[in-house]
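Okay, structure first, notes after.
The values are calculated or read from the model by the stated rules, or taken from the named source; none is laboratory data. The shown structure was predicted, so the numbers you read here are calculated from the model rather than taken from an experiment. Methodologically, a virtual Cβ is constructed for each residue, glycine included, from the backbone with ideal geometry; neighbour enumeration extends over all protein chains shown.
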Amino acid sequence: MPTHNQNTVNPPAGGNGKLGGVSELSRSNTKSLEASFPGSPIHDGSMTRESVQAQFQEKVLDGVVDNGYCFSSFNRDYDKGPDKLKPPVIAEVETGAGGLPGSPHMPNPASPGTGSVNPSDQPDPPDDMEKNKVSRPPYIGEGSALDPMSSSKQQSAHKVKKYILGKSHKGSVGSYSGS
């Protein structure tokens, strides 16, 4: 779990406005900022690091966006919501003829027949289609072997302050905090 916080809405007290040298940090002028923005929620204590993080979790990472741009509704909790909008469970994906996918991972490559462009005219896909799918990403992690519903549950469970750079699940090499 991350232990370092960036200064966000809690500027360090005692800043004197001094410019730092080439390898030093400059400082803001705390008294000047408070005098310039006397009504700021940062200075009256109603806006804190914790309140901003909680608001970010609620408004950016969790829940449903209604009346959004391009999409009328979008659920950021990927594994929740109406069944037609949830990610698939690979073992439950219906495959076959008549416009269905050839496998959970690929479209049906069979032609609908002479003179037809209608997918409902497609015959069954080749029997060995899914068996011959040997693609595996060359990186660490579960990759394409991870079911979309499982990965969606993992992604939806993320909380502010629980992220670890480069680690998204327990199977990741290196540090992970599941708590």
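Would you point out the residue of region 1-24, among those that are among the polar types (S, T, N, Q), loosely packed, with under 10 Cβ neighbours inside 10 Å and closer than 20 Å to Lys162 by Cα, that is modelled with the lowest pLDDT? First the steps, then the outcome.
Of all residues in region 1-24, those among the polar types (S, T, N, Q) come to 3, 5-8, 10, 16, 23.
If we keep only those that are loosely packed, with under 10 Cβ neighbours inside 10 Å too, we end up with 3, 6-7, 23.
Of the ones still in play, those that are also closer than 20 Å to Lys162 by Cα are 3, 6-7.
Numbers: Thr3: 66, Gln6: 73, Asn7: 75.
Ranking the candidates gives Thr3 first.
Give the residues of region 88-118 that are farther than 29 Å from Leu146 by Cα and either of a type outside the set (A, V, I, L, M, F, W, C) or in contact with a helix residue (DSSP H, G or I) (Cβ under 6 Å, 6 or more places away or on another chain) (or both), sorted by residue number.
Selection gives Ser111, Pro112, Gly113, Thr114, Gly115, Ser116, Asn118.
Quick one: which of Lys153, Lys80, Lys159 is in a helix (DSSP H, G or I), under 30 Å from Gln53 (Cα atoms) and modelled with pLDDT of 75 or more?
The match here is Lys153.
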